[in-house]
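Asker: Quick one: the structure is below, questions incoming.
Every read-out reported here was derived from the displayed coordinates using simple, explicitly stated rules and does not represent laboratory data. What you see is a predicted model, and the numbers here were worked out from it, not measured in a lab. In this analysis, Cβ positions are derived from the backbone assuming ideal geometry, glycine residues included, and neighbour counts consider all displayed protein chains.
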Amino acid sequence: MNQDSISFLSQEALPTNGIPLFYDIFNVSSHLSQIEVVAPANIVNKIFDLTVELCKSEVQVSGFNSVPGVYLKEHYKNEIEAAVKSFLLHYFILDFVIEKIIETKVHMASYPRLIKMNQDERGNILFLFDISLANKIEIKEWKYFPFKPPRRKNYKDLDKQVDIFLRKELECTKKSSTDTVEPGDWICFEALLVDRDKNVVFDSFKQDLWIRVDFQSFADIANKYFIGKKEGDSFIIDYLPISKGFEDNLFEKHSFLIKIKEVVKGNVFLLSDFKINFKLKNKVEMHEKLVEVFSFRNDISQRRAIIEEMFHIFFSKHRFEVPKHLVIRKQEDLLAVLKNKPDYSVYKQNKDFEDQVERLAERILKEEILIDQIASSENMEVDSKDIKCYLNLLCNSRLKEFIYFKPGNDLFEEGSIPVKDVSLKQICRREKTLNFILYTLTK
């Protein structure tokens, strides 16, 4: 390990998800750190054995009714080892990496990039990630910045629209008496790995995930397992897709014990949570806040105009550059999303299309870097109430306008794969920090 390491987890210590992992974060240069995470051999061997058992039912070999484990270990060793690495990476390591980066207040400028995944002679698997660093911004006393938020339009019809919206949402809340899972709901569930006999392998070897139940994108699993369930229900699921294309790998279809921890209703406006989230004291403030997503100028809501003005002031006080290679990576991410849009061919015909994407990538990076560093300096933390309010806003086409920071993956809102709790907390932390800044500047 590098002598400039920030921290190292002892063998006796356990991270928040209960998995005994070793880690080390060390500096490579002023713009690059690395984090090395080690999954110990006893965990690796257990996952290896489970994968061999899984292969017995998935692999067909002429001459065998049931393929012997010895045969699989000899002829499918590379495939099984690759599956074990992939399983550990997607289910536990990535979450752990993000947790430790936030916990140690590393000024990350982009998501960590896996550069090495090796197994040593003792059977431990080592995962090495690059962490691109943002220069530390000397945050000025922003709480006293002069700030005049853009005003709403003065159409009386706006107030009427807000009143009608509120009455309609309150009526829906009264009618929604069911506490069972329905299409459109968000579910937080705990996933524990089980063996072929459906016994939990590691009590502490678990993962918290969120999924939006949607008939079209999560149909098979939703209809079979989640619809009609309640908080506290538990059941066995045949496999759990955690990344796009994950279900295509025969070696990664492990079974899990699912325990439903929370349900966020998709058809109910959580009014009390909304008030707490935006620190609203009375009905007048509630009304004014809702007007922000009803008042539009040039197709831009008052809410978005307020946020853009806030960033304009902050960037005028804090000038910094983003390394070119990070902008290129963000451009690639944006293009990957745009290519799935039906209007992509139209966008691409614009002469300055690439320049627009580049400017957008740079702007997003600057906003994320600034907000993350303020969040770190203000010690912002996220709890389940923050996540529930965030997801509840996403469920409503009008209230969704309050959300500024969203995961870069289109699959998030489609609900086709579960969202990791750690990833969601990172986004909610940015959103909570943004709301904290706006509240402080306008109170």
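Asker: Sort TRP186, TRP210 so that the residue with the fewest other Cβ atoms within 10 Å of its own Cβ comes first and the one with the most comes last.
Answerer: Listing TRP186, TRP210 from fewest to most nearby Cβ atoms yields TRP210, TRP186.
Asker: Another question, then. Could you give the distance between the Cα centres of the range 338-389 and the range 63-108, to the whole Å?
Answerer: 30
Asker: Here is a follow-up. Using only alpha carbon positions, build the gyration tensor of the range 328-443, then give the equivalent ellipsoid semi-axes as the square roots of 5 times its eigenvalues, largest first, whole angstrom.
Answerer: Details: eigenvalues 146, 67, 36 Å².
Its equivalent ellipsoid spans semi-axes of 27, 18, 13 Å.
Asker: Note down the relative contact order for the chain as a percent, whole number, built from C-alpha pairs under 8 angstrom at least six residues apart.
Answerer: Once normalised by length, the contact order is 18 percent.
Asker: For every helix of n ≥ 4 consecutive DSSP H residues, a contribution of -39,500 (n - 2.57) applies; sum these over the chain, divide by its total residues, and give [θ] at 222 nm rounded to the nearest 500 deg cm²/dmol.
Answerer: Estimated from H runs of four or more residues: -13000 deg cm²/dmol.
Asker: Quick check on the exposure proxy: order SER57, SER110, SER255 from fewest to most C-beta atoms within 10 angstrom.
Answerer: Working: SER57 12, SER110 21, SER255 18.
With the sparsest Cβ surroundings first, the list reads SER57, SER255, SER110.
Asker: Does the range 85-226 come out rounded, prolate or oblate, given a ≥ b ≥ c as the square roots of the eigenvalues of its C-alpha gyration tensor, rounded meaning a/c under 1.5 and, failing that, prolate meaning a/b above b/c? Provide the component values of the computation, followed by the final result.
Answerer: Details: a/c = 3.40, a/b = 1.27, b/c = 2.67.
In terms of gyration-tensor shape, oblate.
Asker: Under 5 Å between amide hydrogens, which residues at least 5 positions from PHE22 or on another chain qualify, with H placed 1.01 Å from N in the peptide plane?
Answerer: VAL38
Asker: Which whole-Hz ³J(HN,Hα) couplings does the range 81-93 yield from phi under the Karplus relation 6.51 cos²θ - 1.76 cosθ + 1.60, θ = phi - 60°, glycine and proline marked x?
Answerer: Along the range 81-93, the couplings run 5, 5, 5, 5, 4, 5, 4, 4, 4, 6, 8, 9, 5 Hz.
Asker: Given 4 °C and 1.567 mPa s, how large is the Stokes-Einstein diffusion coefficient of the range 299-361 in µm²/s, with Rh as the Kirkwood radius over Cα pairs?
Answerer: Rounded, D is 94 µm²/s.
Asker: Report the charge-dipole magnitude of the range 22-132 in Debye, nearest 20, computed about the Cα centre from +1 at each Lys and Arg Cβ and -1 at each Asp and Glu Cβ.
Answerer: With Lys and Arg at +1 and Asp and Glu at -1, about 60 debye.
Asker: Using 20 Å as the cut-off for backbone N distance, which residues of the range 368-402 belong to the label zone defined by a point 7 Å from the Cα of GLU103 along Cα→Cβ?
Answerer: 373, 375-384
Asker: Beyond 25 Å between alpha-carbons counts as too far, so tell me which of LYS160/LYS432; LYS175/LYS283; LYS46/LYS385; LYS229/LYS341 fall in that bin.
Answerer: Check vs 25 Å cut-off fails for LYS160/LYS432; LYS46/LYS385; LYS229/LYS341.
Asker: Rounded, prolate or oblate: which fits the range 22-132 when a ≥ b ≥ c are the square roots of the eigenvalues of the alpha-carbon gyration tensor, with rounded for a/c under 1.5 and prolate only if a/b beats b/c?
Answerer: Prolate, since a/c reaches 1.5 and a/b exceeds b/c.
Asker: In the neighborhood of ASP383, defined by Cβ-to-Cβ distances under 11 Å, what is the net charge if each Lys or Arg adds +1 and each Asp or Glu adds -1? Display every interim value, and only then the final one.
Answerer: Details: positive: LYS385, LYS388, LYS425, ARG429, LYS432; negative: GLU381, ASP386.
After counting each charged neighbour, the total is +3.
Asker: Now for a different question. What length, rounded to one decimal in nm, is gained on full extension from ASN65 through to GLN161, with 0.36 nm per residue of separation minus their alpha-carbon distance?
Answerer: Full-extension gain reported as 27.8 nm.
Asker: Also, I was wondering about something else. By counting other Cβ atoms within 10 Å of each Cβ, how are LYS253, LYS100, LYS230 ranked from fewest to most?
Answerer: Fewest-to-most ranking of LYS253, LYS100, LYS230: LYS230, LYS253, LYS100.
Asker: Going down the table (LYS148/LYS275; LYS198/LYS224; LYS116/LYS317), which pairs top 28 Å between alpha carbons?
Answerer: LYS116/LYS317
Asker: So, one more: Straight-line reach from LYS330: which aspartates and glutamates fall under 19 Å, measuring Cα to Cα and dropping same-chain residues less than 8 apart?
Answerer: ASP130, GLU321, ASP352, GLU354, ASP355, GLU358, GLU362, GLU367, GLU368, ASP372, ASP410
Asker: Then there's this: Evaluate E = 1/(1 + (r/R0)^6) for ILE139 and GLU309, where r is the Cβ-Cβ distance and R0 equals 22 Å; express this FRET efficiency to the nearest 0.05.
Answerer: According to the calculation, E is roughly 0.75.
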